[in-house]
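Participant: Submitted below is the structure of interest, expressed as structure tokens.
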Amino acid sequence: MQPKDQGPSPSSFLPPAGTERPPRRSEEVENFDVVVIGAGVSGMYALHHLREMGLSVRVYDGASDVGGTWWYNRYPGARVDGPGSPFYCYTFSDELMKEWDWAETQSEQSAVLAYLEHVADRFDLRRDIEFETWVEAVRYDESAQHWTVETSTGKRASAQFLICAVGALSAANLPDFPGIGDFAGETYHTGRWPHEPVSFAGKRVAVIGTGSSGIQSIPEIAKEAAHLTVLQRTAQFAFPAGNRPLTPEETKEARASWGAVKAKMLANPGGFPADTHTRTALAATPEEREALYESLWQIGSFKFLLDSYNDIVVSEEANKTMADFVRRKIREIVRDPGTADKLMPDHFVMTKRPILENGYWETFNRDNVTLVDLREDPIERFTPNSVRTRTGEHPIEMLVLATGFDAISGSMLRLDPTGRGGVHLKERWKDRFHNYLGLTIAGFPNLFVIHGPGSPGVFYNMPLGAERQLGWVGDVIRHLRDRSLGAIEATEDSESAWGNETDAIANATLFPRTDSWWTGANIEGKPRYFSAYLLGTLYYQRLSDVANAGYEGFVFEPAHSAGSGSASRRSRALDNCLDLGPATRRRSPKTSSPE
Ligand code: NA7
């Protein structure tokens, strides 16, 4: 997937496969039309889609099988924390939807991974994926108009197009706590969970972090551990997951109406199978609000996000109505008032990633659980067998870091491709994650980022978002190949206009005002701003408009040699594709292509 994590590496972390061996550089460079980095949800679809177009594709991933995020995040309690099954799936194949049975509404990690393994089998994906292979260097060769990729196994490849499907949540955040290296017990990061079973039985365990991973794992760990200390930096809002078995009728209904469900997803700003509505909290009476919030709380799942009010993330006053409701619920559930006080979130609700919980609040009523509020009582240091905070020592034998990720931009920065003129992405993205359409970067021709900064990314149903972004990328490739063009590149002007547009949408909401991984505030030294494009429906309209305008905002280069485009062979293969996009059928007078 990507090179290994930066930061301290406690001894019992799983080392990323393949990184221990000294690379043996091969003299031979294998040539492909497209190299894809990452075999998670996006990379798998990239392979399928581009191969269907007749292109030669090679995928690299550091893991030993498909799944990306779902391969790594095996911590106890890990589940889908979005709208859930049967809708957390690919949409490109109706047969796939009809043949796969989901057991629960909020599927557990192993069920999602089993689904992705099935997709890999069904579409014969693994034959073009090299697993346990970390991409260590990625360079653009301007004269050859292709990307060269060097891997941890020593193999090298080149391709005209590079797709970075490296994951929005895959660069683990491993904070450098004082003395962490002295701690002699077992240490795990939720996003790097071992494949072997981890037993908490009879152990004193500490969990740092109360985001989605912490809140999902804490109740499970508490059931087994002798004692659990929860070290919380920010109290969170969390909503009942409402997980339950899917009934055969629900599955039947979803299959029968799949066409309508897909249409609904495409019309929804988050790509979710939910109706859009115009209700606002401020127009409702207190009684109406209470009744709606209570009914959504009883149902659980993502209903609070999708079926409540439209003004929650744009109006402070509306936001407070929901925040107060959740705070009241926490106080009702948590018996000890002092503990409940520490659990009171004080940011705008929904402006950190909404969390779905399964018995999280009740966990604090257990005798074997202690909550430490790190704001009042910060970590001073780790010793071989304890974590010491300002007010005392907590003996532990195991530490779970649920400390999240250098999200959205982190995995691209870790990859750090070298673009035109030898410029590294780390240099280009020092102060801001410059991009155009959330997919391309000036100075990095023919490189596409899936779910990167400037795209809806984690604010959109991710399998569907990957399909839509990659559909657009496929059309771009077809456009270039049909015209014997060697390269497409965003201009810096387009990047800056796109940045302004992304900012303007975000600044109309409360999101930028809260410290979160959405704003980069969880990582020291990271540019702090809200980098996602919030309106998914508008975003996909914009992608389509740009394509229809002949890829407005991009510049093209003719192919320097037959080798870079391999146009004639590919064109024939592409002509055979049924899915010819508008960009391949019409030429726009506005195109900046030199054709
Ligand atoms: P998150 O949501 O980033 O949560 C990480 C948690 O770790 C959060 O509570 C952080 O507190 C806390 N944290 C991070 N660094 C520190 C330090 N240095 N000290 C104390 N506490 C710290 O990551 P998750 O893995 O839970 O969830 C990410 C996504 O993965 C999620 O959306 C799911 O889709 C799956 P903070 O809030 O930053 O103060």
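Read the figures in this text as sums done on the coordinates, not as results from a lab. Everything numeric in this text was worked out from a predicted model, so none of it was measured. Virtual Cβ from ideal backbone geometry, glycine too; neighbours counted across all protein chains shown.
Participant: A 22 angstrom limit on the alpha carbon distance is what I want to check against. Which of Lys342/Lys526; Lys352/Lys526; Lys98/Lys264 exceed it?
Facilitator: Numbers: Lys342/Lys526 28 Å; Lys352/Lys526 17 Å; Lys98/Lys264 18 Å.
Among Lys342/Lys526; Lys352/Lys526; Lys98/Lys264, the Cα-Cα distance tops 22 Å for Lys342/Lys526.
Participant: Multiply the residue separation of Asp94 and Ala549 by 0.36 nm, subtract the distance between their alpha-carbon atoms, and state the gained length in nm to one decimal.
Facilitator: On the way: separation 455, 0.36 × 455 = 163.80 nm, distance 3.12 nm.
Result for the pair: 160.7 nm of gain on full extension.
Participant: Extension gain Arg244-Asn500, at 0.36 nm per residue separation less the Cα-Cα distance, in nm? Kindly include the intermediate steps, with their values, before the conclusion.
Facilitator: Details: separation 256, 0.36 × 256 = 92.16 nm, distance 4.27 nm.
Full-extension gain reported as 87.9 nm.
Participant: While we're looking at this one, here's another question. State to the nearest 20 debye the size of the charge dipole of the chain about its Cα centre, where the only charges are +1 on K and R beta carbons and -1 on D and E beta carbons.
Facilitator: Numbers: 63 positive and 79 negative charges, 123 e Å.
With only Lys, Arg, Asp and Glu charged at Cβ, the dipole is about 580 debye.
Participant: OK, next. If one computes the Cα centroid of the range 447-512 and of the range 370-444, what distance in Å separates the two points?
Facilitator: Answer, in whole Å: 24.
Participant: Could you put Thr351, Thr383 in order, starting from the residue whose Cβ has the fewest other Cβ atoms within 10 Å?
Facilitator: On the way: Thr351 23, Thr383 15.
Ranking Thr351, Thr383 by Cβ neighbours within 10 Å, fewest first, gives Thr383, Thr351.
Participant: Based only on other Cβ atoms within 10 Å, what is the fewest-to-most ordering of Trp258, Trp71?
Facilitator: Working: Trp258 16, Trp71 25.
With the sparsest Cβ surroundings first, the list reads Trp258, Trp71.
Participant: Continuing with this model, one more query. Obtain the nm distance between the two label points defined at Ser295 and Glu28 by a simple spin-label model: each point lies 7 Å from its Cα along the Cα-to-C-beta direction.
Facilitator: Calculated label separation equals 6.5 nm.
Participant: Shape verdict for the range 475-555, please, from the Cα gyration tensor: rounded (a/c under 1.5), prolate (a/b greater than b/c) or oblate.
Facilitator: Details: a/c = 2.91, a/b = 2.08, b/c = 1.40.
In terms of gyration-tensor shape, prolate.
Participant: Output the antiparallel fraction of DSSP beta bridges having both residues in the chain, as a percent to the nearest 5. Intermediate values should be presented prior to the final figure.
Facilitator: On the way: 30 of 69 bridges.
If we restrict to bridges inside the chain, about 45 percent are antiparallel.
Participant: Going by the alpha-carbon gyration tensor, a ≥ b ≥ c the square roots of its eigenvalues, is the range 300-436 rounded (a/c under 1.5) or, if a/c is not under 1.5, prolate (a/b greater than b/c) versus oblate?
Facilitator: Working: a/c = 2.64, a/b = 1.26, b/c = 2.09.
Because a/c hits 1.5 or more and a/b fails to exceed b/c, the range 300-436 counts as oblate.
Participant: Would you mind putting 159-167, 333-341, 55-63, 126-134 in packing order, based on average other-beta-carbon counts within 10 Å, highest first?
Facilitator: By packing density, highest mean first, the sequence is 159-167, 55-63, 126-134, 333-341.
Participant: Still on this structure: Compute the acute angle (0 to 90°) between the alpha-carbon long axis of helix 462-482 and the principal axis of greatest extent of the alpha-carbon atoms of the chain; round to the nearest 10°.
Facilitator: 10
Participant: Then there is this: Can you give the FRET efficiency for Arg420 and Gln541, using 1/(1 + (r/R0)^6), R0 = 22 Å, r = Cβ-Cβ distance, to the nearest 0.05? Write down the numbers at each step before the final one.
Facilitator: On the way: r = 30 Å, r/R0 = 1.36.
Here the calculated transfer efficiency is 0.15.
Participant: At 222 nm, what value in deg cm²/dmol follows for the chain if DSSP H runs of at least 4 each add -39500 (n - 2.57) and the sum is divided by all its residues, to the nearest 500? Could you put the intermediate results ahead of the total?
Facilitator: Values: 20 runs with 191 residues, N = 595.
It comes out at -9500 deg cm²/dmol, rounded to the nearest 500.
Participant: Can you give me the C-alpha center-to-center distance between the range 273-302 and the range 522-559, rounded to a whole angstrom?
Facilitator: 32
Participant: Also, quick follow-up: Give me the compactness ratio for the chain, meaning the Cα radius of gyration over 2.2 N^0.38 Å.
Facilitator: On the way: Rg = 24.1 Å, N = 595, 2.2 N^0.38 = 24.9 Å.
Ratio of Cα Rg to 2.2 N^0.38 Å: 0.97.
Participant: Once both labels are modelled 7 Å past Cα along the beta-carbon direction, what's the Ser110-Asp275 spacing in nm?
Facilitator: 3.8
Participant: Sort the following peptides by mean Cβ neighbour count (other Cβ atoms within 10 Å, averaged over residues), highest first: 550-561, 393-404. Could you put the intermediate results ahead of the total?
Facilitator: Details: 550-561: 17.7, 393-404: 21.3.
Going from most to least packed, we get 393-404, 550-561.
Participant: Output the 0 to 90 degree angle, nearest 10, between the alpha-carbon long axis of helix 41-52 and the longest principal axis computed from the alpha carbons of the chain.
Facilitator: The answer is roughly 20 degrees.
Participant: Once you have a ≥ b ≥ c as the square roots of the Cα gyration tensor eigenvalues for the range 314-356, tell me rounded if a/c is under 1.5, and otherwise prolate or oblate according to whether a/b is larger than b/c.
Facilitator: prolate
Participant: A follow-up question, please. Amide H neighbours of Glu130 under 5 Å, at least 5 residues apart or on other chains, H built in the peptide plane: list them.
Facilitator: Val59, Tyr60, Asp61
Participant: Still on this model: What list do you get for Met44, Met462, Met344 if you sort them by fewest beta carbons within 10 Å?
Facilitator: Numbers: Met44 28, Met462 23, Met344 14.
Result, fewest neighbours first: Met344, Met462, Met44.
Participant: Work out how much length Ser561 to Thr285 would gain on full extension: take 0.36 nm times their residue separation and subtract the Cα-Cα distance, in nm to one decimal.
Facilitator: On the way: separation 276, 0.36 × 276 = 99.36 nm, distance 6.83 nm.
That works out to 92.5 nm of additional length.
Participant: If one takes the longest principal axis of the Cα atoms in the chain, at what angle in degrees, from 0 to 90 and to the nearest 10, does the Cα axis of helix 492-507 lie?
Facilitator: Once rounded, one gets 30 degrees.
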